[in-house]
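The values are calculated or read from the model by the stated rules, or taken from the named source; none is laboratory data. As the structure is a computational prediction, the values presented were derived from the model and not from experiment. Please note: Cβ atoms are built from the backbone with ideal geometry, for glycine as well, and neighbour counts cover all protein chains shown. We work out accessible area using only protein heavy atoms, side chains counted, and drop any ligands, DNA or RNA first. Shrake-Rupley method; radii C 1.70, N 1.55, O 1.52, S 1.80 Å.
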Amino acid sequence: MFVLLPTALLVVTSFSRRDDMGRVIYSFTLDNYQRCFDPTWLSIFGSSILYALLATLICVVVGYPAAYTIGRASPRNRRLLLTLVMIPFWTSFLIRTYAWISILSEGGLANGLLLSAHIVPAPIGMMYTPFAIVLGLVYNYLPFMILPIYTSVEKLDNSLVEAAYDLGAGPLRAFSSVIIPLTRPGIAAGALLVFVPAIAMYAITTLMGGGSNPTIGEVIQNQFTKARNQPFGAALGVLLMLLFLVSFILMGRRKSAAHAA
């Protein structure tokens, strides 16, 4: 009830109009969806997907070695490493985001280190850039990548890896032909857990992007609050949900094909 009713209301609102006061008039129209395909909004959708894909890719590259190390560690060290991964969840992501704003600002720690090492002659602007947005997404969603991969690594059958070595495979061949395929479900689950919320996240992109690099999450939030255009915001939200649905279907088909193989 608490999922379907709000979703149904969102869909109904997306086919409605608004009056001059910003109130919703429940009369059927497709204007909101037609407006969604304006090049301006399509470009924002594209940039949001790009940010989410970059964040997901970086999380895989950074998170897989960490998850593999945790999964192959001794039980005592494993608990310690898992605790270190979970520590960021103990603090509000807004506080952690503001901490990164302080670090990346022109008078922050990052510029201080670069200046002291004589790498740059003057402070560089890192805030309110695509770099800052992707960094914020990666930092906040990296644990969502590590934990599913760790679960797959923990269940990895060592005898299969040893058999690969016995049959003449080197470390790289064993890793690419045995370890990666066996841990692929964890990679897929982690990618989905990072990619889906990264597209819709607006708090991080607003704070670290400064509105100069708008994302679809920011646009939807602005339509419901500042612009008071709930029908158009609802239409964007429905399209975003359809994008999520397609992602889940494609992921489900990949898992089915992997099990069949």
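Surrounded by fewer than 12 Cβ atoms within 10 Å (Cβ to Cβ), free of Cβ contacts under 8 Å to residues at least 60 places away in the same chain and of a type in the set (S, T, Y): is that true of S247 in this structure? When the stated conditions are applied, S247 does not pass them. Of the helices (runs of 4 or more DSSP H) lying entirely inside the stretch 168-240, the ones with 2 or more residues being surrounded by fewer than 22 Cβ atoms within 10 Å (Cβ to Cβ) and among the polar types (S, T, N, Q) are found at 216-224.
Looking for something of a type in the set (G, A, S), in contact with a Pro (Cβ under 9 Å, 6 or more places away or on another chain) and either within 22 Å of A198 (Cα to Cα) or free of Cβ contacts under 8 Å to residues at least 24 places away in the same chain (or both) - is there at least one such residue anywhere in the stretch 39-47?
Quick first cut of the stretch 39-47, residues of a type in the set (G, A, S) only: 43, 46-47.
Narrowing the set further to residues that are in contact with a Pro (Cβ under 9 Å, 6 or more places away or on another chain) leaves 47.
If we keep only those that are either within 22 Å of A198 (Cα to Cα) or free of Cβ contacts under 8 Å to residues at least 24 places away in the same chain (or both) too, we end up with 47.
Yes, because at least one residue in the stretch 39-47 is of a type in the set (G, A, S), in contact with a Pro (Cβ under 9 Å, 6 or more places away or on another chain) and either within 22 Å of A198 (Cα to Cα) or free of Cβ contacts under 8 Å to residues at least 24 places away in the same chain (or both).
Yes or no: V161 buried (at least 20 other Cβ atoms within 10 Å of the Cβ) and among the aliphatic types (A, V, I, L, M)? Here the answer is no, as V161 does not meet what is asked. Close Cβ contacts (under 8 Å, 6 or more residues apart or on different chains) running from residues in the stretch 113-127 that are touching a residue at least 60 places away in the same chain (Cβ under 8 Å) to residues that are assigned to a loop (DSSP other than H, G, I, E, B) and surrounded by 11 or more Cβ atoms within 10 Å (Cβ to Cβ) comprise M127/S105; M127/E106; M127/G210.
For first residues located in the stretch 155-168 and within 19 Å of G71 (Cα to Cα) and in contact (Cβ under 8 Å) with a residue 60 or more places away in the chain, partners that are open to solvent by 60 Å² or more (accessible area, probe 1.4 Å) and in a helix (DSSP H, G or I) and lie 6+ apart or on another chain with Cβ distances below 8 Å form the pairs L156/L182. The set of residues in the stretch 51-74 being loosely packed, with under 14 Cβ neighbours inside 10 Å and either at pLDDT 90 or above or within 18 Å of the chain's Cα centre (by Cα) (or both) consists of V61, P65. Pairs are defined by a Cβ separation below 6 Å, a sequence spacing of at least 6 or placement on different chains, a first member in the stretch 76-97 that is within 13 Å of Y150 (Cβ to Cβ) and open to solvent by 60 Å² or more (accessible area, probe 1.4 Å), and a second member that is at pLDDT below 90 and of a type in the set (A, V, I, L, M); no pair meets this definition. Per the conditions (1) within 18 Å of G71 (Cβ to Cβ); (2) free of Cβ contacts under 8 Å to residues at least 40 places away in the same chain; (3) of a type outside the set (G, A, S), the sole criterion not satisfied by Q223 is (1). Looking across G107, G112, one residue alone is more than 19 Å from the chain's Cα centre (by Cα), at negative phi and open to solvent by 60 Å² or more (accessible area, probe 1.4 Å). It is G107. The single condition from (1) open to solvent by 70 Å² or more (accessible area, probe 1.4 Å); (2) of a type in the set (A, V, I, L, M, F, W, C); (3) under 19 Å from M201 (Cβ atoms) that L135 fails is (1).
Take the conditions (1) in contact (Cβ under 8 Å) with a residue 24 or more places away in the chain; (2) open to solvent by 90 Å² or more (accessible area, probe 1.4 Å); F28 misses just one of them, which is (1).
You will find that of L10, L50, the residue that is free of Cβ contacts under 8 Å to residues at least 24 places away in the same chain and of a type in the set (A, V, I, L, M) is L50 and no other. Taking the stretch 66-163 as the region of interest, the helices (runs of 4 or more DSSP H) fully inside it that hold 2 or more residues being among the charged types (D, E, K, R) are 75-86. Checked against the criterion of being surrounded by fewer than 16 Cβ atoms within 10 Å (Cβ to Cβ), farther than 23 Å from I149 by Cβ, acidic (D, E) and out of contact with any strand residue (DSSP E or B) (no Cβ under 7 Å at 6 or more places or on another chain), the stretch 14-22 has at least one qualifying residue. Among residues that are out of contact with any Cys (no Cβ under 8 Å at 6 or more places or on another chain), of a type outside the set (S, T, Y) and within 25 Å of A55 (Cα to Cα), A189 is included.
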